[in-house]
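The values are calculated or read from the model by the stated rules, or taken from the named source; none is laboratory data. Treat the numbers as computed from the prediction; the structure is a model and nothing was measured. Here the Cβ positions follow ideal geometry from the backbone for every residue, glycine too, while neighbour counts run over all protein chains shown.
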Amino acid sequence: MLARCATHQFSFLGSVTYSESFIELLPPPLRELAIPEIRPAARELLIDLATNKRFRIDILTRWNVRLTQQEWGQRLASLSFQLVLPQREWLPTPRDTLHFRATFGDIQGDLKAYGPVITAVSDAPASMGSLLSSSQQTQGELVVMLALLLEAGCIGFDRGAAGAKSTPLVQRLNQVLLDRMQEGHSYTQLALPAVASALPFSILEALIDKGLQDRLEEPMLSSCVLLWLKELGVQLLSQDNQVITEPQAQIDKIQTIAATFIATKQPLLKRLGGLPAATPLNPPRSCRSRSKAPAPRAA
């Protein structure tokens, strides 16, 4: 395939999968075989055979310009990143080693090295230049770390002015999605304009958000959410995917998820521009009726 592309003056640049762009992530025996091979086609074929890969997506360029190390550094320094997933959803417990699933296998990362990078992008956009100046990693090491975090969906590219411009439209879209979720429709994500990505979101969290918008507080919040779930035919599941039937256990489950939502997802949605603009608050009221969904689901 690469030979056919070469006849049209296209040359291999790399894989669209971030981790596949770094030969150093290969297991040592394979890495020793792949690094000396200077022919891109032969090297990639060798890696594909060794990793049992049957499908790949590559980037081919025409008349690509070779950049110097300094030019690469200047372009990379301007890239900015933001945290996309709440840390508690993907950081290990105990917090000692990160695990990334890549094409080349399971890759481990030292949390002592990744920790400062994760902290730097948690509250505001951070450029690679600022990350490089504040960390102890070399540029090459930092590029690999960011690539693994990007591929895992933990961080995203900050879109800057483009993200800010799209925020009002995206917020209106998210409000429509929230309304549909609260009616029982199985949408599962809300858009994040600041990073051109999406955040997993459930019907249960949409109902919790509605309760918070109605200024409900515990224990009324969890009681109303439970009533709405029953009206929609949505069942609560335990961690081992068993249906929770005991009323107090259902309330406890909702309260736990509500506390996590308030502490992590709601601030993250707001920071990344995905939280719909506040609507005029309704007076606190008892649980209001919801239209029923056509079929039972699990929250």
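Only one residue in L148, L98, L131, L60 is surrounded by 15 or more Cβ atoms within 10 Å (Cβ to Cβ), at pLDDT 90 or above and within 30 Å of L45 (Cα to Cα), so which one is that?
L148
Here is a check on your reading of the model: is A278 surrounded by fewer than 15 Cβ atoms within 10 Å (Cβ to Cβ), in contact with a Gly (Cβ under 8 Å, 6 or more places away or on another chain) and modelled with pLDDT under 90?
Taking the combined requirement at face value, the residue does not satisfy it.
For region 167-214, enumerate the residues that are touching a residue at least 60 places away in the same chain (Cβ under 8 Å), over 21 Å from T256 (Cα atoms) and acidic (D, E).
E183
Six or more apart or on different chains, Cβ atoms under 8 Å: show the pairs whose first residue is in region 4-15 and closer than 16 Å to R43 by Cα and whose second is acidic (D, E) and surrounded by 10 or more Cβ atoms within 10 Å (Cβ to Cβ).
Short answer, once both residue conditions are applied: F12/E44; F12/D58; L13/D58; G14/E20; G14/D58; S15/D58.
Sort out which residues of region 5-28 are touching a strand residue (DSSP E or B) at 6+ places or on another chain (Cβ under 7 Å) and either assigned to a helix (DSSP H, G or I) or not hydrophobic (A, V, I, L, M, F, W, C) (or both), and write them in order of number.
C5, Q9, S11, G14, S15, S19, S21, L25, P27
Pairs please, first residue from region 71-90 and over 15 Å from A147 (Cα atoms) and at pLDDT below 90, second anywhere and surrounded by 14 or more Cβ atoms within 10 Å (Cβ to Cβ) and of a type in the set (S, T, Y), Cβ atoms under 6 Å, 6+ apart in sequence or on different chains.
That search, which allows pairs on different chains as well, returns P86/T264.
Taking A259 as meeting all but one of (1) surrounded by fewer than 14 Cβ atoms within 10 Å (Cβ to Cβ); (2) assigned to a helix (DSSP H, G or I); (3) in contact (Cβ under 8 Å) with a residue 12 or more places away in the chain, write down the number of the exception.
(3)
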